[in-house]
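What follows is one structure encoded as structure tokens, with my remarks underneath.
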Amino acid sequence: WRDRHGNTAVLFALAMPMLIGGLGAGFEVSNWYLMQRAMQNAADAAVLAAASNAGANYDVEGKAVAAQNGFTHGVNNVGVTVLKNVACPGGGTACYSATITNSVPLYLSPVVGYAGSGGGMKNLTATAVAAVGTIQRPYCLLALASSGTTNAIRTSGSPSSNLAGCSMKSNTSSNCSGH
């Protein structure tokens, strides 16, 4: 009874499952949080693209933007759904929605008994809703050139142009060689 060598090893062995469980839970929750934020950012971008497109292929546009953000439909347990004419938060049914679902694996949380959504996975969902809107821009001239175009706007001494109080906007460069 007087020999106390090894008593910390016994206490450490008894505390180890709680330590591993706490670290596992912290790791899992932070992983879920980071994945949820990435999914929400992708859903926000996808629904804005779909609402901006507002055409017949709005869903293709939304899924393409979600894929650019790392969430490709049908790859690695990811599902992307883009819908039109859904309920708007403020009323009406003229909104677009984008929903991204993903199943992430559980690593250490099963040690403390958490089974997740089944199959060793945790299901996460991110949804965003947007309405089509128009914002008035003070552009008198807007040039959207195809890729590879050097100058979308080119002026060479155009004396009859009157753009007073307006701005020019181009998605490529512009060149003005006049006055």
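The values are calculated or read from the model by the stated rules, or taken from the named source; none is laboratory data. Because the structure is predicted, anything quoted here is derived from the model rather than measured. Note that each Cβ is placed from the backbone with ideal geometry, even for glycine, and that neighbours are counted across all protein chains shown. Just so you know, the surface numbers come from the protein's heavy atoms only, side chains and all, with ligands and any DNA or RNA stripped out. Shrake-Rupley method; radii C 1.70, N 1.55, O 1.52, S 1.80 Å.
When the solvent-accessible area of the range 1-137 is split by element, carbon and sulfur atoms take up 60 percent of it, the probe being 1.4 Å.
Between residue 23 and residue 83, how high is the FRET efficiency from 1/(1 + (r/R0)^6) when r is the Cβ-Cβ distance and R₀ = 41 Å? Nearest 0.05.
On the way: r = 40 Å, r/R0 = 0.98.
Given R0 = 41 Å and the Cβ-Cβ separation, E is 0.55.
Residue separation times 0.36 nm, minus the C-alpha to C-alpha distance between residue 40 and residue 93: what's the value?
Numbers: separation 53, 0.36 × 53 = 19.08 nm, distance 2.18 nm.
Taking residue 40 through residue 93 to full extension adds about 16.9 nm, to one decimal.
Provide, as a two-decimal number, the C-alpha radius of gyration of the range 1-139 over 2.2 N^0.38 Å, N being how many residues it has. Please list the in-between numbers first.
Details: Rg = 22.9 Å, N = 139, 2.2 N^0.38 = 14.3 Å.
The value comes to 1.59.
A Förster distance of 45 Å, applied to the separation of the beta-carbon atoms of residue 115 and residue 2, puts the FRET efficiency at 0.45.
Rounded to the nearest 0.05, what FRET efficiency is calculated for residue 125 and residue 67 with R0 set to 22 Å and r the Cβ-Cβ distance?
Details: r = 18 Å, r/R0 = 0.80.
It comes to 0.80.
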